[in-house]
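Read the figures in this text as sums done on the coordinates, not as results from a lab. All of these numbers come straight from a predicted model, not from anything done at the bench. Methodologically, a virtual Cβ is constructed for each residue, glycine included, from the backbone with ideal geometry; neighbour enumeration extends over all protein chains shown.
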Amino acid sequence: MNFELKPMGLAGASTEKCDALIVLVPQEFKAGKDDLSVLVARAIKSSDLDTKPGKLLPLYRPVQANAVRVVLVGIGSGSARDVRTAVVAAVASVKTASLKKLLVCFAAPAREEAVRAVVTAVADATYVYTHTKSKPEGRSLSKVLVAATNATEVQASFDRAAGIVDGAELAKEWANRPANHATPTLLGKAAQELAKLPKISCEVLGPKEVAKLGMGSFMAVAQGSDEPLRFIVLHYNGAAKTQAPTVLVGKGITFDSGGISIKPAPEMDEMKFDMSGAASVLGTFRALAALKPAINVVGLIAACENLINGQAVKPGDVVTSMSGQTIEILNTDAEGRLVLCDALTYAERFKPTAVVDIATLTGACVIALGGVRSGLFSTQDALANALFAAGDAAQDLCWRMPLDEDYAEALKTSFADVANVGGRAGGSITAAKFLQRFAEKFPWAHLDIAGTAWKSGAAKGATGRPVGLLVEFLLGQARNT
Ligand code: BES
Ligand code: MN
Ligand code: ZN
């Protein structure tokens, strides 16, 4: 989908030929002299248009515009949230198979956060999954014009949002694909595709190379499946080689059955989304290629299935991680931390300024924070604050969780250096405490996206989160160096 920002107000928008025109009307709307402005002012005065966020007044071929469908929509205060609500409602009301060119016009000077919200909301409201449909009916919309009188002021925010949308859609696409269409091998190929983009390179390791590295914990998870594992290493080189990179680590469990500690049948299909962390790393690299910030970034993805064949790892088995620490696998369903810990150890070789892992790690995080905010854990306040602020800026929210040493008590065992599970209490925190043992050599943060990476129910599907947060965070790193 092609996004373009135009310096134009309601007068200009009224002459632009398009399939649909959405006019965003704030509560403090002041009418100009042009016909469309007068129409909006009249509609407000007569109470036919309410400026509360999401309230619609649909029109058909009004003489005041050159569009087939026009919808006036309230955006209340004009905050990112209000604009999002408005755009989602307005797009739903004009979405038809013939909607190819859409114009979204601000009826008052646009705030940066509002412009970003328009771009991301239009993309979200029109995304269609087609990969495994026999008669794909994809997105008809191909061109989105956003009009604002103060376009030059908000151009940078607009470009950033368009880059994030590109990345988030790649993340959605891979997360949505069923496990038999998104195997570790196919994820490796997707990463190699990304390496065709400017400044990106990629290396994909298989079982032999991973064994040589001594990733005994990652291998223990993969050994229960006939599908071979992949360890993906992506590089984005936007700065001098001498500049230390930021490393992103994605959990890439392409299907999580739980292993011998098998999951219950209901909703088990949703465990195809257990590679959403990996998908967010792929998406972030796509956005980096578009936005070209002056930083270096390494992306690591540990990809395998968590299944149950005759070789599957058993509860009580003890394995040796790449770090040398031994792990007692008390629950084979706590596999995410087992693949991530070896990837974290691998990250040491890059002497990174920071490492951020992204994982659909615990059901406990869904209970704690629901689907609104991702869980944020970090050993460094500056890093935690930067990620938190990036989440706010991108409207891809997170919330900091604790890492007190007392939580690590639950992972003690007589049979290895550490157990892979504590009790049910504080489950997302004990999982983070497990990871922390493998992240002592660099500033580290962990994002538990179990609640935010996808939606269940009627609107089942990947959200593309937290690509917005990650891209915003990395652009901030570029500004600081
Ligand atoms: N992938 C799951 C976490 C998950 C569960 C994400 C539900 C989203 C929705 C993870 O591998 C897992 O199974 N975690 C266990 C850990 C437990 C065994 C300590 C969990 O959360 O139940
Ligand atoms: Mn699991
Ligand atoms: Zn899992």
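Give me the distance between the Cα centres of the stretch 305-381 and the stretch 38-91, rounded to whole Å.
47
Find how many whole Å separate the alpha carbon centroid of the stretch 402-425 from the alpha carbon centroid of the stretch 186-239.
With the stretch 186-239 and the stretch 402-425 each reduced to a Cα centre, they are spaced 29 Å.
Looking at the stretch 380-481, which chymotrypsin sites (Phe, Trp or Tyr not before Pro) are DSSP coil and have at most 16 other C-beta atoms within 10 Å of their C-beta?
Phe415
How large is the direction-averaged shadow of the alpha-carbon convex hull of the stretch 313-417, in nm²?
7.8
Compute the convex hull volume of the Cα atoms of the stretch 98-176, divide it by the residue count, and report the result per residue in Å³ as a whole number.
About 83 Å³ per residue, rounded to a whole number.
Counting each DSSP H run of 4 or more residues in the chain as -39500 (n - 2.57), what helix-only mean residue ellipticity at 222 nm follows after dividing by all residues, to the nearest 500 deg cm²/dmol?
About -11000 deg cm²/dmol.
Which value, in Å to one decimal place, does the Kirkwood hydrodynamic radius take for the stretch 13-62 when every pair of different Cα atoms is included?
Averaging 1/r across every pair of different Cα atoms and inverting gives 11.7 Å.
For Ala458 and Thr152 in the same chain, what is the full-extension length gain: residue separation times 0.36 nm, less their Cα-Cα distance, in nm?
106.2 nm
Give me D for the stretch 104-229 in µm² s⁻¹, whole number, from Stokes-Einstein with Rh from the Kirkwood sum over alpha-carbon pairs, 37 °C and 0.692 mPa s.
182
Mind listing the Cα extents of the chain along all three principal axes, in Å, largest one first?
Answer, in whole Å and largest first: 78, 47, 42 Å.
So how much slack lies between Lys189 and Ser142, counting 0.36 nm per residue of separation and subtracting their Cα-Cα distance, in nm?
Full-extension gain reported as 14.2 nm.
Among all stretches of the chain without exposed GluC sites (Glu not before Pro) (DSSP loop, at most 11 other Cβ atoms within 10 Å), which one is longest?
Result for the longest clean stretch: 268-439.
Need one word for the stretch 238-325: rounded, prolate or oblate. Basis is the Cα gyration tensor (sqrt eigenvalues a ≥ b ≥ c); a/c below 1.5 gives rounded, then a/b vs b/c decides.
oblate
Under a plain spin-label model, where a point goes 7 Å from the Cα along Cα-to-Cβ, how far apart in nm are Lys196 and Arg81?
4.2
With only alpha-carbon atoms in the gyration tensor, what are the semi-axes of the equivalent ellipsoid for the stretch 52-103, in Å, largest first?
Taking √(5λ) for each eigenvalue gives 21, 13, 8 Å, largest first.
Distance in nm between label sites at Val38 and His131, each 7 Å beyond Cα in the beta-carbon direction?
Result for the modelled spin labels: 5.3 nm.
Need one number: % antiparallel among DSSP beta bridges in the chain, to the nearest 5.
That works out to approximately 40 percent antiparallel.
Over the stretch 167-305, with a single point scatterer placed on each C-alpha, what log10 of the ratio I(q)/I(0) does the Debye formula yield at q = 0.17, 0.19 1/Å?
Those come out to -0.88, -1.05, one per q.
Rounded if a/c is under 1.5, else prolate if a/b beats b/c, else oblate: with a ≥ b ≥ c from the C-alpha gyration tensor eigenvalues square-rooted, which is the stretch 2-149?
In terms of gyration-tensor shape, prolate.
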